Amino acid sequence: MEGDAESRSRLRTRAFLDGLSLMKQGAEARVYRGRFLGKAAVVKERFPKAYRHPALDGKLTHRRTAQEVRSIVRCRKAGISAPVVYFVDYVTNCIYLEDIEESTTVRDHIISMQQCGKEASNLCALADKIGQVLARMHDEDVIHGDLTTSNMLLRPPCDDHNLVLIDFGLSFISALPEDKGVDLYVLEKAFLSTHPNTEEIFRALLQSYSSNSKKSGPVIKKLDEVRLRGRKRSMVG
């Protein structure tokens, strides 16, 4: 009976998802956009991996789904803007999230401002806001795992810097400065490769982070160590 109920649940979910618009598909999940209970929603579906044993795949996928939801909820409880979690289906490993309508990625916003020749001071204000949000997130011991300017949204109007963090698919909870330092290093690499000539902007971001985090000292120290390791790997590789 339990197997029949699970099969029916999977069929209902599949029928519902097929009625939504597929936004993107990665190696780990598909992301859909549509309506859920009358609200604009984004649905993230973690699909089975054929190369893994089904029992192991089920456990790993369930754990990853739970970690993502836990990180989002923890951020929201701390006053960090992240999508509302409407519903979690652990049978099909689907997360139903608020769709941040009419938003712009920080990536697109920075590129647009650079193309328009806006002064660096405008971007420094945005960097200050990002630093504040990441400081609060790390003080809550949430590690995002995939910090890029594509995973940060700005609600309109963009100049208000109403920042929303998204895509916590690789997130986890950790109090270790090493994990937080790596989180910042991932952002630094992504930031400077996506947005050339923004070293000053990223320095402003780190300054804001240091000023707003209660635990920034050991984290910045670890960031420097991670940078050194990265340079050594580049020289050897």
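The values are calculated or read from the model by the stated rules, or taken from the named source; none is laboratory data. What you are looking at is a predicted structure, and each value in this text was computed from that prediction instead of being measured. Cβ atoms come from the backbone with ideal geometry, glycine included; neighbour counts cover every protein chain shown. Calculation scope for accessible area: heavy atoms of the full protein, side chains included, ligands and nucleic acids excluded. Shrake-Rupley method; radii C 1.70, N 1.55, O 1.52, S 1.80 Å.
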Candidate set from region 44-97 (those that are outside any helix (DSSP H, G or I) and among the charged types (D, E, K, R)); member that is most open to solvent (accessible area, probe 1.4 Å):
52
Residue pairs, Cβ under 8 Å, 6 or more apart or interchain, first in region 159-171 and in contact (Cβ under 8 Å) with a residue 60 or more places away in the chain, second among the acidic types (Asp, Glu) and buried (at least 18 other Cβ atoms within 10 Å of the Cβ). List them.
168/68; 169/68; 171/68
Given (1) under 13 Å from the mean Cα position of the chain (by Cα); (2) surrounded by fewer than 18 Cβ atoms within 10 Å (Cβ to Cβ); (3) among the hydrophobic types (A, V, I, L, M, F, W, C), identify the lone condition not met by residue 163.
(2)
Restricting region 13-39 to residues that are under 19 Å from residue 61 (Cβ atoms) and basic (Lys, Arg), the residue that is least open to solvent (accessible area, probe 1.4 Å)
30
Considering residues of region 98-124 that are open to solvent by less than 70 Å² (accessible area, probe 1.4 Å) and assigned to a loop (DSSP other than H, G, I, E, B) only, the residue nearest to residue 17 (Cα to Cα):
99
Being touching a residue at least 40 places away in the same chain (Cβ under 8 Å), in contact with a Leu (Cβ under 9 Å, 6 or more places away or on another chain) and surrounded by fewer than 17 Cβ atoms within 10 Å (Cβ to Cβ) is the filter here, so list the residues in region 187-210 that pass it.
200
